[in-house]
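Student: Just dropping this structure here.
Throughout, read-outs are computed from the coordinates displayed, never taken from laboratory work. It should be emphasised that the depicted structure is a prediction, and the values quoted were computed from it without experimental measurement. Note that we place each Cβ from the backbone using ideal geometry, even for glycine, and neighbour counts take in every protein chain shown.
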Amino acid sequence: MLNTCIILDMKIKIILASFAVLLLSACSAKSESNMAESSNEGSIAIQAPADASNADYYIDGIVYTLSNGILDQQIEDSETFNKFKLLEFKAAGDINQDSVDDSAVVLINDAGGSGTFYYLGILTSGSTPIIENTSFLGDRIEVKDIKFVDGKFEVVYLDRDVETSFDQPPTIEITGIAELDEDKTGFNFTCRDSVGICF
C-alpha cells in the first residue's frame, strides 16, 4: 500500500511538472510573439518619403494622384483634359523633424484655358503624412530654384505685378517659403520679394 501511494504521488508530481513546463513554454512563446509584433510595428512607424512621381497632391480640396510624374484627367462633359506635370525641380530636407528627409517639388496644372498654374508640393515621411501638401505659386511664372534652408523649403521664381500683362515675361524675383506649423500637422506658406507683392 505504501509503495502504491509513493508511485501515485510521483505520478502526480510528474504530471504537475509537465503542466508547468507547458505553461512556461506557452508564456514564453507569447512574449516572443508580442516582442516581434512590437518590433514590426516599430519598423513601419517611419516610412520613406513618397515617390514624387507617383504621389497624391491636395489642390483646392481635391486629391490628384500622379503616375510617372503626370496626370491627364478628362474634364466632365468636355473634350478638354485637366493636366498635371512635375517639373525637374526637387529638394530634400527634414521639414517634419523625424530624422528622415522629406521632398519638395514643383508641379504645373493646365486646365485647358489660358493659364498655366504652378504649385509647390511637399511630401513628408512618417506614418501620418501631411495631406494638405501644396501651395499655389502663380500663373505663368518662371521657376529658378528650390532648396531646403534652415528647416524650411524655399522656391525661387519670377512673377509679375498686378499691372503687368501676362504677355510680358515675369521679371520680379519672389521666394516662396514653406515651414511646418506649431502643431506639426500642416504647413505655413509665406513669400518675400523686394517690391511688395508679398504681404
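Student: Given contacts defined as C-alpha pairs under 8 Å and at least six residues apart, what's the relative contact order of the stretch 81-199, whole-number percent? Could the numbers behind the result be given before it?
Tutor: Details: 260 pairs, mean separation 21.5, N = 119.
For the stretch 81-199, the relative contact order is 18 percent.
Student: If each of R140 and K83 carries a label point 7 Å out from its Cα toward its Cβ, how far apart are those two points in nm?
Tutor: About 1.6 nm separates the two model spin labels.
Student: Can you tell me how much longer the chain between Q97 and L158 gets when fully stretched, taken as 0.36 nm per residue apart minus their C-alpha distance, in nm with one decimal? Provide the component values of the computation, followed by the final result.
Tutor: Details: separation 61, 0.36 × 61 = 21.96 nm, distance 2.98 nm.
Going from the current span to full extension adds 19.0 nm.
Student: To continue, here is another question. Can you pull the one-decimal nm distance between simple spin-label points at D183 and D72, each 7 Å off the Cα toward Cβ?
Tutor: 4.0
Student: If you average 1/r over every pair of different alpha-carbon atoms in the stretch 59-135 and take one over that average, what Kirkwood value in Å do you get?
Tutor: Values: mean 1/r = 0.0729 Å⁻¹.
For the stretch 59-135, the Kirkwood estimate is 13.7 Å.
Student: At q = 0.11, 0.16, 0.18 Å⁻¹, what base-10 log of I(q)/I(0) does the Debye formula yield for the stretch 52-193 when every alpha carbon is treated as an equal point scatterer in vacuo?
Tutor: -0.41, -0.86, -1.05
Student: Now, a different point. Give me the count of lysine pairs in the stretch 52-193 whose alpha carbons sit under 27 angstrom apart, restricted to pairs 8 or more positions apart or on different chains.
Tutor: Going through the stretch 52-193 pair by pair, I get 12.
Student: Also: Taking the Cα centroid of the stretch 160-199 and of the stretch 78-116, what is the distance between the two, rounded to the nearest whole Å?
Tutor: Centre-to-centre (Cα) distance: 16 Å.
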